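The values are calculated or read from the model by the stated rules, or taken from the named source; none is laboratory data. What you see is a predicted model, and the numbers here were worked out from it, not measured in a lab. In this analysis, Cβ positions are derived from the backbone assuming ideal geometry, glycine residues included, and neighbour counts consider all displayed protein chains. Surface areas here come from the heavy atoms of the whole protein model, side chains and all, with no ligands, DNA or RNA. Shrake-Rupley method; radii C 1.70, N 1.55, O 1.52, S 1.80 Å.
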Amino acid sequence: MTDERRTAVVTGAARGIGAAIALGLAADGAGVALVDRVDPVETAAAIRERGGVCEPVVADVATEDGARLAATQAREALGPAGILVNNAAQLGAASILDLDYAAWRRILTANLDSQFLMTKAVLDDMLQLGWGRIVNVASSSILTSTPGLTAYMAGKGGVLGLTSGLANDLGRHGITVNAVSPGLTRTPGVDADIRAGVIPERALEDVVALQAIPRPGAPEDVVGAVLYLASDAASFITGQFIVVDGGMTRR
């Protein structure tokens, strides 16, 4: 079993940003519960090949039962969770003219409710430890003029509100809560959305043209900020929003 404070739960860990964060935490010495709706077999294999400790968990954390299952399985395999990275998300691009309530609810449930539910599911662990690090993954899209993302932006904007509220409630218990907001990042999910026409084909190129650092964002670019916020070095930092987008939204 790992040091209890170094047991981490990462949602959306099967690929992309979540997989990169899980690999980074494992390399830093954490035992990592890899939570996803699909079996995170590739992430688990990569961690174990490097000598890391992990527990794959198949669960839908946008449901109460799924969040409880993820927390319970992580606790039984690795011990009480001291670190939670709420990364699971769904893009869902649609103009408000075409957006119906069912799609609205689906996107908000995936992007916002899931973070609330996972926080509640692991909170007793952190209270028991008297220590905790919660890192919520938001999005720099809410600082842009990108059309067709009303539901997505509402959910990710809600993540920032959730982060502030949790920081207010949990600081006295030794638990910090911060948000990391990536820009458009080259992930398998983004590539699939480009192929499906959900994201315009030139989107990555257009974003790079606005950045101070002229290259597409990669999942690994987000890892450093998460590792810092999950560490003892960030013990006096809470309720903060860090944008990781190559300087795109500096304007």
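Stokes-Einstein diffusion of the stretch 153-251 at 4 °C, 1.567 mPa s viscosity, Kirkwood radius from Cα pairs, rounded to a whole number: 86 µm²/s.
Taking the inverse of the mean reciprocal distance over all distinct Cα pairs, the Kirkwood hydrodynamic radius of the stretch 82-162 comes to 13.5 Å. Mean separation of Cα pairs under 8 Å and 6 or more residues apart, divided by the residue count, gives the stretch 118-251 a relative contact order of 32 percent. FRET efficiency for the pair LEU210 and GLU76, taken as 1/(1 + (r/R0)^6) with r the Cβ-Cβ distance and R0 = 35 Å, rounds to 0.15.
Using C-alpha pairs under 8 Å with a sequence gap of at least 6, the mean separation divided by the residue count of the chain gives a relative contact order of 19 percent. Taking each DSSP H run with n ≥ 4 as -39500 (n - 2.57) and averaging over every residue of the chain yields -13500 deg cm²/dmol at 222 nm. Extension gain for the segment HIS173 to ALA27, taken as residue separation times 0.36 nm less the Cα-Cα distance, is 49.8 nm to one decimal. Placing a label point 7 Å from the Cα of THR63 along the Cα-to-Cβ line, the residues of the stretch 115-134 whose backbone N sits under 20 Å from it are 115-122. Apolar share of the accessible surface for the chain: 54 percent from carbon plus sulfur atoms, 1.4 Å probe. Seen from all directions on average, the stretch 1-67 presents a Cα convex hull projection of 4.2 nm².
3J(HN,Hα) along the stretch 20-33, derived from phi through the Karplus expression 6.51 cos²θ - 1.76 cosθ + 1.60 where θ = phi - 60°, amounts to 5, 5, 4, 4, x, 5, 5, 5, 7, x, 7, x, 10, 7 Hz, with x in place of Gly and Pro. The distance between label points at THR249 and GLU42 comes to 2.8 nm (points 7 Å beyond Cα on the Cα→Cβ vector). Computed across the chain, the Kirkwood hydrodynamic radius from all distinct Cα-Cα pairs reaches 18.0 Å.
Rounded to the nearest 20 debye, the dipole magnitude of the stretch 1-51 is 60 debye, with +1 charges on Lys and Arg beta carbons, -1 on Asp and Glu beta carbons, and the Cα centre as origin.
3J(HN,Hα) along the stretch 141-156: 4, 5, 9, 10, 9, 5, x, x, 10, 4, 5, 4, 5, 4, x, 6 Hz, from the Karplus curve 6.51 cos²θ - 1.76 cosθ + 1.60 with θ = phi - 60°, whole Hz, x for Gly and Pro.
Each residue of the stretch 179-189 was assigned a 3J(HN,Hα) from its phi angle through the Karplus expression (A = 6.51, B = -1.76, C = 1.60, θ = phi - 60°), giving 10, 10, 10, x, x, 4, 10, 6, 10, x, x Hz with x at Gly and Pro.
Sequence-distant contacts, meaning Cα pairs under 8 Å at least 6 residues apart, place the relative contact order of the stretch 143-218 at 22 percent.
Please report the orientation-averaged projected area of the stretch 1-145, defined via the convex hull of its C-alpha atoms, in nm². List each step's numbers first, then the result.
Working: hull surface 36.0 nm².
Its average projected convex-hull area is 9.0 nm².
Under a 1.4 Å probe, what is the accessible area of the stretch 109-167 per residue, stated in Å²?
On the way: 1940 Å² over 59 residues.
Per-residue value: 33 Å².
Amide hydrogen proximity for LEU84: with H placed 1.01 Å from N in the peptide plane, the residues at 5 or more positions away or on another chain lying under 5 Å are VAL9, ARG133, ILE134, VAL135.
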